[in-house]
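As structure tokens, the structure follows; a few thoughts come after it.
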Amino acid sequence: MSICVNLLYFDKFFKMTQNHLCDNNRENNLLYEDLTYKVIGCCFEVYNVLGKGFSEVIYKDALEHELKQNKIPFKRETGFVIEYKDIILDRLYICDFIVDERVILEVKAQENVISKNSQQLINYLAVTKCRVGLLINFGESSLKYKRFIL
């Protein structure tokens, strides 16, 4: 499956001159395949036990437990500085999880958020220089996820 991402103002991060990035290379699409499958498996376990209807923080707490149980290294709610022109902004950009220093994991618990929150995950990938991101939504009638590769 290829992922096409509208970059708009991300040219300086990716040193591209085009307005979009399409990763059609199968090798890149499978980047960190084992790790992302394990993480998605942990998410399915959380969803199978809790189901739909809890707040994001409950799913994050349960997911933290699953990641620990499966010995998957992660950091939760890590903040990153944002440069604006020649200054560092006062507020940090905080992502939900960084898994094994390689994958950004963003958790949502609302209906129809996958398409709405794609840009947020792309921002996290740009700021952290990670190449793979997972957007997980526990707020649907079944677990929904989308894998991003930059």
Cleavage-rule hits (trypsin sites (Lys or Arg not before Pro)) in the stretch 93-124: DSSP loop, at most 15 neighbouring Cβ within 10 angstrom: Arg102, Lys116
Unit Cα scatterers, Debye sum, the stretch 84-150: log10 I(q)/I(0) for q = 0.16, 0.20 Å⁻¹: -0.55, -0.79
Violating pairs (Cα-Cα greater than 23 angstrom) within the set Lys52/Lys75; Lys38/Lys146; Lys85/Lys146; Lys116/Lys144; Lys85/Lys108; Lys85/Lys116: Lys52/Lys75; Lys85/Lys146; Lys85/Lys108; Lys85/Lys116
Cut-off 13 Å between beta-carbons: net charge of the residues surrounding Asp61, Lys and Arg +1, Asp and Glu -1: -2
C-alpha center-to-center spacing [the stretch 125-150, the stretch 45-75] in angstrom: 15 Å
Two-site label geometry, Glu56 and Gln110: point separation in nm, points 7 Å out along Cα→Cβ: 0.8 nm
Cα-based Rg and Dmax for the stretch 65-106, where Dmax is the largest Cα-Cα distance (Å): 13.2, 43
Share of alpha-carbon pairs per 10 Å distance bin for the stretch 32-149, given as whole %: 14, 47, 31, 7, 1
Cβ crowding within 10 Å averaged over residues, with 62-75, 132-145 ranked highest first: 132-145, 62-75
Test item: Cα-centred dipole of the stretch 32-149, Lys/Arg +1 and Asp/Glu -1 on Cβ, debye: 200 debye
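Taken together, the values in this text are just the output of simple stated rules run on the coordinates, not laboratory data. What you see is a predicted model; the values in this text were computed from it and never measured. Cβ atoms come from the backbone with ideal geometry, glycine included; neighbour counts cover every protein chain shown.
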